[in-house]
Amino acid sequence: MPLLSMPAQANAVPLLAGCVEASCAYRSDSMRLVRWRCVHDGAALQGERHHDWPTITLSFAGLSEIRVAGRVEMVDPATGTALRAREPYSTRHPWGCRCRGWHIALAPAVAADVAEAASALRGEPVRAWTSDLPLMLLRVTAAQSARCRLLAQRFPGAAPADPEVEEEILALAVDLIARSGALVASQEARSLARHRELVRRTRMVLNTRLAESLTLPEIARAVYSSPARICAAFRLVTGTSIHRYRCTLRLLAAVERVGAGEDDLAALAFELGFSSHSHLTAVFHRELGVTPSALRRASAGAAV
């Protein structure tokens, strides 16, 4: 069943020969909000496919690779994608098939408006969904991830063309594209091509060893490089530091777990690499403006 054909419903339906389960939380003539979960890494999931509308994809959990126009990029909870309409792509899950998240599909005219609004916010053109940029990587913050997670719960059973729902979805889409505009320049700079493989390996280490308090020398040894080189390459390619990226991954993982009902915050903090329960709570409040318990209450019944 194509993404655009899915009716608005709470129950998940199997897609791609049962490799994926998905449900449409919101549907109108101009946009869709679809939650999805990978079930197993079968041939249908690895095969080439496309979205009929420009689509933003956010991953709440898991680590995967996406191939678009011969380009392979790593996707994790801190890195989303904006894919233009009908652009062929395929995915791989070499680290296990446990990915889940959301698709925000926008009608072409609406997607163009989002890109224009993002450009106005940045004060410079942002070429999302254009013919020469079929795939745009998105920097995803914990606040943006939490906003997406709460959308369906805040507007249960919304009627088509509900202006409040659509305003929330559009605001999130503009924010994601605008904040990621500077990343496009890094993605396109040929001089940075030699750094991308090093950064890919570094991100893989950060994702798969998230709970470990790895030092920069330990990370560098894991990717067969030096601390100075990985720090410089990571900032050039991603626009952020290794420390900040790892903190974002940890907070995103905490948001996912708390939103799904996790209540043992001390154990969660230890598992994700926070120094203590109070450290986790302080980071939640600083980055999201709420405590873990407040997010858990707000997310009740809305876990992906």
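Sorted from longest to shortest, the spans of the Cα atoms of the stretch 190-298 along the three principal axes equal 47, 25, 20 Å. Close amide H partners of Val13, meaning residues 5 or more places away or on another chain with modelled amide H under 5 Å apart, are Ala22, Ser23.
Between Tyr26 and Leu33, the built amide H atoms are under 5 Å apart, and every one of these is 5 or more places off in sequence or on another chain. Name the residue from Ser90, Leu133, Leu63 whose Cα lies farthest towards the positive end of the charge dipole of the stretch 1-138, charges +1 on Cβ of Lys and Arg and -1 on Cβ of Asp and Glu. Checking the options against the dipole of the stretch 1-138, the answer is Leu63.
With helices as the sole contributors, the chain gives -14000 deg cm²/dmol at 222 nm; each DSSP H run of n ≥ 4 counts as -39500 (n - 2.57), and the sum is divided by every residue.
Summarising the overall dimensions of the stretch 30-132 from its C-alpha atoms, the Rg and Dmax are 14.1, 44 angstrom.
What's the longest bit of the chain with no exposed GluC sites (Glu not before Pro), using DSSP loop states and at most 16 other Cβ atoms within 10 Å as the test? Mind showing how you got there, number by number?
Values: sites that count: Glu48, Glu212, Glu262.
Result, exposed sites excluded: 49-211.
For the chain, the Kirkwood estimate of hydrodynamic radius, built from reciprocal distances between every pair of different alpha carbons, is 19.8 Å.
Values quoted throughout were computed directly from the atomic coordinates according to the rules given, and no laboratory measurement underlies them. Since the structure is predicted, the reported quantities are computational estimates derived from the model, not experimental observations. As a convention, Cβ positions derive from the backbone with ideal geometry for all residues, glycine included, and neighbour counts pool all protein chains shown.
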